Amino acid sequence: MNQRTATVERTTNETDIRIAVNLDGTGAVEVETGVPFFDHMLTAFGRHSLIDLAVRAKGDVEVDAHHTVEDAGIVLGQAVARALGDKRGIARFGSLALPMDEALVLAAVDISGRGQLHWAVDVPCVMLGSFDASLAKEFFVAFAANAGLTLHVRSLAGENAHHLVEASFKAAARALRQAVECDPRIGDALPSTKGAL
């Protein structure tokens, strides 16, 4: 099997981001974005997906965290897509309902090539440190679109913003972990009746 790794860099007038991934890692994570709560979420994402993740992001956080969070989603999505390569042999689908105290969040992934997010997480509009809780959705919109995957994230219960956001990152990570796994039963076949993803 080829190494499923990628490094993507993106520089704009608002951000300068470099992300490296290893889909067959152990969840080793190094993250520095200038947004502590977002660092915490990306660390959880890497650990629970078992994707080795190195993130260096510099953004205009003096304005707010929006550009940094959204652009990190773009770059992470591009890195995952590049590391997946032709997608041969992958499981393709993954889903998980993840509890975190009173919060329960369902995430489902289809590595379909059609990047889209379907978000139904009722997160209170609060600040989590310097991270506006509404940015969780913006991250996943950018990530799903650029990774070329269909991602559903839905809260089944919960009221605490920290718990809902963290459960969303962890549930998406666990579902992605299932979807990117290589399935030895299909060898190098594409998991599609169309013959393309």
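Remarks
- Taking each DSSP H run with n ≥ 4 as -39500 (n - 2.57) and averaging over every residue of the chain yields -11000 deg cm²/dmol at 222 nm.
- Gained length - ARG82 relative to THR5, 0.36 nm times residue gap less alpha-carbon distance: 27.0 nm
- 1.4 Å probe accessible area per residue over the stretch 3-178, in Å²: 42
- Rounded to 10°, Cα long-axis angle of helix 36-49 versus longest principal axis of the chain: 20
- P(r) weight above 15 Å for the stretch 1-92, C-alpha pairs, percent: 57
- Largest to smallest accessible area among CYS125, CYS182 [probe 1.4 Å]: CYS125, CYS182
- Principal-axis tilt of helix 135-147 within the chain, Cα atoms, nearest 10 degrees: 20
- Cut-off under 5 Å, modelled amide H: who pairs with ALA157 long-range: LEU104
- Share of carbon and sulfur in the accessible heavy-atom surface of the stretch 3-178 [1.4 Å probe, %]: 47
- Order of exposure, largest accessible area first, which applies to ARG18, ARG177, ARG154, ARG4 with probe 1.4 Å: ARG154, ARG18, ARG177, ARG4
- Cα lying deepest toward the dipole's positive end in the chain, options PHE140, THR33, MET127, charges on Cβ: PHE140
- HIS152 - accessible surface, heavy atoms, 1.4 Å probe, Å² rounded to 10: 80
- By a 1.4 Å probe calculation restricted to protein chains, VAL69 has an accessible surface near 0 Å², given to the nearest 10.
The values are calculated or read from the model by the stated rules, or taken from the named source; none is laboratory data. Note that the structure is a prediction, hence the values are computed from the model and not measured. Ideal geometry is used to build each Cβ from the backbone, glycine not excepted, and the neighbour counts take in all protein chains shown. Ligands, DNA and RNA are excluded from the accessible area calculation, which covers all protein heavy atoms including side chains. Shrake-Rupley method; radii C 1.70, N 1.55, O 1.52, S 1.80 Å.
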